[in-house]
Amino acid sequence: MASAVPGSPVPPDAEAAASHRPAWIQLDRNAHVDDDCMNNETTAIAKSRGGHTVKVTFRFLPPPATTYYCVHCHSAPDSKPEDAEIDDYPHVVGADGRFILIGARFGSIYQRHEYFMYKGGGNGESATPDLLPLPDFRLPILREVGILPHGDGDQYLVAHLFLDLKSLSNYELVIYSSEDQRWRSIPLLNPCPEDFKVIVSTSKVVTLGEGVLGWVDLRHGMLVCDLRHEPHDARYIPLPKPLPKNIDELPPSPISARELRDLTYIDGVIKLIGIEHRVIVTIEYEKPSDPSDEDVLYDSDLIMSLKCEDIKKPEEVRSMDGWRVVIWSRTISSNCWHKRCVVDVDDISVDDATQSLLLSRLRNETGRKLTFRELYSAYPTLSMDSDDIFYLGTTVKFNEDDGWVVAVDLEKKTLKVHYFSTSFPLVYAYRGCSSSNHLEMTPGNC
């Protein structure tokens, strides 16, 4: 059996707060593969294509703590134990309402990813959850799909967007319907054929009301499609350009662009948040050696020093000098974005207690405690509540593993430190979803 994924940190007050059901949850993208995964009222079981028993159990916690899930796989009768090994850690590829789609690959002869739809109970529905394997469609690995509940709330559609490899400009929708339990492929024309970069790769999928999905490329824009009506027509909503200092910094991969941007849909409004870092770049030159410090100068050392001088290059040192966040908003039917607010780190009040907690475990290489504005903050995450709060992952350097998850209150201009993680960037490891309103989860039962 695959080894367990390290557990997500739990804030000290998370268990107490869990009794109040929030409007959304931070759902761990990757499963905790655990032989000792205990059962609770969220546990559901299914069979894989190879006949293995797959068990999924959730543990519910309010944001910014993480709702995570455990997966355990029992070998099928008369099969080799290694056939039930999980080759690729189970991961969430889509979630909406009571539906959560989980993908995994097992060490069997099939060697292809399998997908299981977790269907929770709640809201007057049957409290018994279910785990349903989706039929094989020889799909590539799915990372971001849209899920649309429909009908009486017991049925759903799964929709994935592909680039049409023949035209390299149009798209293909692959849709699974739980009603007829079939996949089908539908061509989707590029609404802006003059712009090849409409959607290069999907960073995330958001539900934009009943029957409407938006495939988001955080570098370029969002492709919107109403799946209730055929033929399916797409509409393109371009995103505001990256902030000036981010144009050269924004990674080429749309998935990596999540480090600087996030998009959510809340109460009929699309919100886009972007963070721009101010960086001071200094050039440091190595201090030349003084030959008078030596009593004897060997020819070989002198020749080597001449060679080193030819290859020595000045070192570029980059240090953080604060950041600003800009939030834009619009409706789906609008033809423009409205700037909602601009917040600079210098506008945020950090009291002594918060500063002490934040910096208690973060120091630079010299051991000096840093101020909040000197830390590297990234992965802005908008709360899916209607409040003016966003989350950041904060650490010393962009490549550090240790960091805090903090919340910024836009109205009060205050900072709250939530919890410390040794798996930064923690915020990006999870997806926000509204599933907590539809899943019967009791905290602490995993």
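Quick look at the values:
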| quantity | calculated |
| --- | --- |
| Out-of-range pairs (alpha-carbon distance over 30 Å; input 119/339; 166/204; 287/369; 55/271; 245/307) | 119/339; 55/271; 245/307 |
| Gain upon complete extension [residue 409, residue 267; 0.36 nm per residue less C-alpha separation] | 49.2 nm |
| Extension reserve of the residue 340-residue 233 stretch, reckoned as 0.36 nm per residue once the Cα distance is removed | 35.5 nm |
| Burial order of peptide ranges 275-282, 26-33 (average beta-carbon count within 10 Å, highest first) | 26-33, 275-282 |
| In nm, spacing of pseudo-spin labels at residue 162 and residue 47 (7 Å Cα→C-beta vector) | 2.9 |
| Percent of Cα pairs exceeding the 23 Å cut-off, where the set is the stretch 116-217 | 32 |
| Carbon plus sulfur fraction of accessible area for the stretch 130-209, probe 1.4 Å, in percent | 53 |
| Volume of the Cα convex hull of the stretch 259-412, divided per residue and given in Å³ | 167 |
| Solvent-accessible heavy-atom area per residue, rounded to whole Å², over the stretch 172-218 at 1.4 Å | 46 |
| Calculated FRET value between residue 353 and residue 245, using beta carbons and R₀ = 35 Å, to 0.05 | 0.65 |
| Label-point separation in nm, residue 282 to residue 184, each point 7 Å along Cα→Cβ | 6.5 |
| Karplus-derived 3J(HN,Hα), 6.51/-1.76/1.60, for each residue of the stretch 232-244, Hz, glycine and proline x | 6, 10, 9, 10, 10, 10, x, 8, x, 4, x, 4, x |
| Inter-probe distance in nm under a simple model that places probes 7 Å from Cα toward Cβ, at residue 256 and residue 200 | 1.0 |
| For the stretch 38-71 versus the stretch 265-309, the gap between their alpha-carbon centres in whole angstrom | 47 |
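The values are calculated or read from the model by the stated rules, or taken from the named source; none is laboratory data. Everything quoted here is computed from the prediction, not taken from an experiment. So basically every Cβ, Gly included, is an ideal-geometry build from the backbone, and we count neighbours across all protein chains shown. Each accessible area value is taken on the protein alone, full model and side chains, heavy atoms only, with ligands, DNA and RNA left out. Shrake-Rupley method; radii C 1.70, N 1.55, O 1.52, S 1.80 Å.
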